[in-house]
């Protein structure tokens, strides 16, 4: 046998992890990805797909299990697109995530940088304060199978707040009792598309947003009654009319059907007002550890001016402001800037200001005012930074750059670009913001060559 082909059986030893938490074996010089396998295990696998870039196999029989294997406690584990690591103990999960970060630094960025540690979570279940449930005919709610729009029905998601699951079930009950159809992407017909929840894990407040292609007319009152009865924790019920094509969860017009259109929650001892569209870290307990680490990197002496790019509603800016002299937050979305200013005023934080600007505009505005930040904090989307942003940051000549990321690969790529411009990655650490999934948050410190 000199080539791998579909349906072949092979006996393999799993010798590594892939970035998404699959096991990796090597057969005939090719890396073979086996979902659900753990390093150190022996398997009989069946090849299911062979391309020039990758080979995928299905585990047929486990010959020698890893001592770190545990019985998954979720009936849809391996089917829905959520958790990837419920079959390993938590210590092994943390080892995998730390190795994943350092592998990206070495192989994507070509860096000598290594994350010193990973900060684990005290609780690996019930930590998410945001739920996004897809709705399909039945009616059923759940999550999509990876790389598809096939809905996997889920009654209880262990990483969500239990009240979020109740809200999703209540919307299904309302649809069933009132003949309300689910939205069908193929035909564009039907109504209910998503159930979107926000839980204040510290405040106890909760928003339930029903995303629909249209309204419910006289039946709207019944929706409110069903949700209030099923989810007494709810402090607001919102209807989002989303008529758009595509995958945008929240888009279009919002109508508060009952209660408040916003909720409040506490983070780092501060109170934040949140709408369905507000950016807010999904795991507040771990976010506090992440922001504390970012502050240690950005203002180790508790002094100086920090520029927080991508500041959103000011969450990081306000947390940073408690440990330095002054913070300027920059954000290109005007509504987020207004929200950030309200959050600052509501918390009585006076050593922070917010400007509506992108990275280049922020650099120009600070230059016009004769200001030079001592540190710049970056927390971009998963796709990372553009070279223009990196150039703008370097043009401000900060003493320190702190880069927070939920994608170690794009962060590694960007750190290499910073290094080309004279900003050297000095330290890094990982924070497990997303237990039981393959995702991990990182924070890295850069400073210029002396």
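The values are calculated or read from the model by the stated rules, or taken from the named source; none is laboratory data. Values in this document were obtained by computation on a predicted structure and should not be read as measured data. Positions of Cβ are backbone-derived with ideal geometry, glycine not excepted, and every protein chain shown enters the neighbour counts.
Key figures
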read-out	value
Residues being over 19 Å from the mean Cα position of the chain (by Cα) and crowded, with 17+ Cβ neighbours inside 10 Å - total across the range 92-107	3
Selection from the range 125-140 of residues that are in a loop (DSSP other than H, G, I, E, B) and touching a helix residue (DSSP H, G or I) at 6+ places or on another chain (Cβ under 6 Å)	139
Selection count where residues are under 24 Å from the mean Cα position of the chain (by Cα) and part of a loop (DSSP other than H, G, I, E, B), scope the range 233-256	11
Strands (runs of 3 or more DSSP E) enclosed by the range 314-380 - at least 1 residues per element that are without any contact (Cβ under 8 Å) to a residue 40 or more places away in the chain, touching a strand residue (DSSP E or B) at 6+ places or on another chain (Cβ under 7 Å) and surrounded by 15 or more Cβ atoms within 10 Å (Cβ to Cβ)	326-331, 352-356
Selection count, the range 415-438, where residues are in contact with a strand residue (DSSP E or B) (Cβ under 7 Å, 6 or more places away or on another chain), within 14 Å of residue 394 (Cβ to Cβ) and not in a loop (DSSP other than H, G, I, E, B)	6
Every residue from the range 382-400 that is in contact (Cβ under 8 Å) with a residue 60 or more places away in the chain and under 26 Å from residue 279 (Cα atoms)	389, 393, 400
Residue that is modelled with the lowest pLDDT, among those in the range 173-218 that are within 26 Å of the chain's Cα centre (by Cα) and over 21 Å from residue 248 (Cβ atoms)	201
Single condition residue 164 does not satisfy, out of (1) within 20 Å of the chain's Cα centre (by Cα); (2) surrounded by fewer than 22 Cβ atoms within 10 Å (Cβ to Cβ); (3) outside any loop (DSSP other than H, G, I, E, B)	(2)
Residue list for the range 257-284, restricted to those being closer than 19 Å to residue 340 by Cβ and part of a strand (DSSP E or B)	263, 264, 265, 266, 267, 270, 271, 272, 273, 274
